[in-house]
1. Which is under 30 Å from T152 (Cβ atoms) and either in contact with a helix residue (DSSP H, G or I) (Cβ under 8 Å, 6 or more places away or on another chain) or acidic (D, E) (or both), of I93, I77, I109, I54?
2. Residues in the stretch 23-37: is at least one under 16 Å from I93 (Cβ atoms) and either out of contact with any strand residue (DSSP E or B) (no Cβ under 8 Å at 6 or more places or on another chain) or of a type in the set (S, T, Y) (or both)?
3. Restricting attention to the stretch 59-95, and to residues there that are in contact (Cβ under 8 Å) with a residue 40 or more places away in the chain and in contact with a Cys (Cβ under 8 Å, 6 or more places away or on another chain), which single residue is nearest to T48 (Cα to Cα)?
4. Which of the numbered conditions does N133 fail, given that it passes all the others? Conditions: (1) among the polar types (S, T, N, Q); (2) free of Cβ contacts under 8 Å to residues at least 60 places away in the same chain; (3) outside any loop (DSSP other than H, G, I, E, B); (4) closer than 24 Å to T21 by Cβ.
5. For a quick check of your reading: which helices (runs of 4 or more DSSP H) sit entirely within the stretch 1-106 and have at least 1 residues that are loosely packed, with under 13 Cβ neighbours inside 10 Å, at negative phi and aliphatic (A, V, I, L, M)?
6. Tell me, yes or no, whether the stretch 116-123 has at least one residue that is buried (at least 19 other Cβ atoms within 10 Å of the Cβ), over 18 Å from G55 (Cα atoms) and at pLDDT 90 or above.
Amino acid sequence: MLIRTEAPADILSIDRLLKETFETEAEAQLVMSLRENGHFTLSLVACTDEGDVIGHAVFSPLHIDAEESSWQGIAPICVKPEFRHQGIGSQLIREGLDSLSELGYPGCITSENSEFWSQLGFTTDPSLSVAGNETLVCQILTLWEDHTPNPTGAIKFGVEFDHYLSAQ
C-alpha cells in the first residue's frame, strides 16, 4: 500500500470511493466543492500496489471565532469497506499530520468525537464548538509541543461545509 497526495487522475476514483463508502452523496459533494474552490490544504489517498484508490483523507483550513486560523480541520476520511480494520485510516491521518507539521501548521481539529480520534492522540476540548452546530464535540491535536495556548471559541469550516454540517 502507498499513501500519497491526490493527483488529478485520482479525482473520479475518489468520488466513486466516497459515494460507495457513505450513505449519501453529501461527502462526495463536499470534497468536490472543496477541490473546485481550492480549499484543500492537503488531500491524501491510500492506494493498493496496483494503484487502486482504497482510502482518502482531506485536511482544510478553518476559522476560529470568525478569524482566519492556521489550524486545520479534518473531514472527510474514508476507507473502502473491504480494507477497513487494517489501520489504513490511521495511516492516512498520521501521514497527513506529519506533513502538516512539516509545513508549519500548529494543529488539527475534528468535529467528530470517537475512539478513533482518541487513539491518534486527539483530545476532547470543551472550549471549542462548531459555529452553527454547538452539539458537535470538537477534538484537537497540537502538532507543535511549544504551541500554546490552544485555540478556543467557535470553529467554522469552509463555506462548503455549511450544507453538510446542517444535515448532521
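1. Working: I93 fails: either in contact with a helix residue (DSSP H, G or I) (Cβ under 8 Å, 6 or more places away or on another chain) or acidic (D, E) (or both); I109 fails: either in contact with a helix residue (DSSP H, G or I) (Cβ under 8 Å, 6 or more places away or on another chain) or acidic (D, E) (or both); I54 fails: under 30 Å from T152 (Cβ atoms).
Only one candidate qualifies: I77.
2. no
3. Only one residue fits best here, namely F59.
4. Condition not satisfied by N133: (3).
5. The helices (runs of 4 or more DSSP H) meeting that bar are 11-21.
6. Yes, the stretch 116-123 contains at least one residue that is buried (at least 19 other Cβ atoms within 10 Å of the Cβ), over 18 Å from G55 (Cα atoms) and at pLDDT 90 or above.
Here is a yes/no grid of residues against (1) among the polar types (S, T, N, Q); (2) within 23 Å of C138 (Cα to Cα); (3) at pLDDT 95 or above:
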position: E67; (1), (2), (3): no, yes, no
position: A75; (1), (2), (3): no, yes, no
position: E82; (1), (2), (3): no, no, yes
position: G87; (1), (2), (3): no, yes, yes
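The values are calculated or read from the model by the stated rules, or taken from the named source; none is laboratory data. Predicted, not measured: the structure shown is a model, and the values here were computed from it. Positions of Cβ are generated from backbone atoms using ideal geometry, with glycine treated the same way; all protein chains shown enter the neighbour counts.
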